[in-house]
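Novice: Sharing a structure with you now.
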Amino acid sequence: MVTLAVAAIFASVLCTASYGRLVGGKTEIEDVKTNEEVQELGRFSVEEYNQSARLRRKMEEELEFVEVVEAQQQVVSGIKYYMKISAIQSDGATRMFDSVVVVKPWLRSKRLLNFSPSSH
């Protein structure tokens, strides 16, 4: 039993070391504005929000993506991205939104978990 536990801990350490971060801990993403993957995930978030607004027949809510201005990532069952996104509302006002997206590359899956006006 002890050997199995030690092996599991060792495997966990190896996986953590290969990612360069702890499983479950959030890390800042550097150079967000030039990070193509993060900018694409921000665009995806706005598109998913707009699609949801269309389904609710609230077209006046449609947004235009500008850029991701801040982002963090967290290793979970996949990678969870926490982003602060700048978008233009239909009245022309620029506003900040918070978005959470989970990406599972091995499934070629990404899912918007949350998209809401930023409180700060």
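The values are calculated or read from the model by the stated rules, or taken from the named source; none is laboratory data. What you are looking at is a predicted structure, and each value in this text was computed from that prediction instead of being measured. Cβ atoms come from the backbone with ideal geometry, glycine included; neighbour counts cover every protein chain shown. The protein model used for the area step is the full one, side chains on, heavy atoms only, and it has no ligands, DNA or RNA in it. Shrake-Rupley method; radii C 1.70, N 1.55, O 1.52, S 1.80 Å.
Novice: Of the accessible area of segment 46-120, with the probe set at 1.4 angstrom, what percent is carbon plus sulfur?
Specialist: For segment 46-120, the apolar C and S fraction of the accessible surface comes to 47 percent.
Novice: Which sequence of 116, 45 reflects their accessible areas, 1.4 Å probe, from the largest down?
Specialist: Solvent-accessible surface, decreasing: 116, 45.
Novice: How large is the dipole of segment 46-120 about the Cα centre if only Lys and Arg carry +1 and Asp and Glu carry -1, each at its Cβ, rounded to the nearest 20 debye?
Specialist: 480 debye
Novice: Averaged per residue, what accessible area in Å² does segment 35-120 show with a 1.4 Å probe, protein chains only?
Specialist: Accessible surface, normalised per residue, equals 59 Å².
Novice: Give me the number: length gained by fully extending residue 34 to residue 94, i.e. 0.36 nm times residue separation minus the C-alpha to C-alpha distance, one decimal in nm.
Specialist: Computed gain between residue 34 and residue 94 is 19.6 nm.
Novice: On full extension of the chain, what length is gained from residue 67 through residue 106, given 0.36 nm per residue of separation minus the C-alpha to C-alpha distance?
Specialist: Result for the pair: 11.4 nm of gain on full extension.
Novice: First measure r as the distance between the Cβ atoms of residue 51 and residue 118, then evaluate 1/(1 + (r/R0)^6) with R0 = 22 Å and state the FRET efficiency to the nearest 0.05.
Specialist: 0.60
Novice: Hey, another quick one. Taking a cut-off of 16 Å between Cα atoms, list the aspartates and glutamates near residue 84, but don't count ones fewer than 8 places away on the same chain.
Specialist: 28, 30, 31, 36, 37, 40, 47, 48, 64, 67, 70, 98
Novice: Read phi for every residue in segment 85-97 and hand back ³J(HN,Hα) as whole Hz from Karplus 6.51 cos²θ - 1.76 cosθ + 1.60, θ = phi - 60°, with x for Gly and Pro.
Specialist: 3J(HN,Hα) across segment 85-97, in whole Hz: 10, 8, 9, 9, 7, 4, 7, x, 6, 8, 9, 9, 10.
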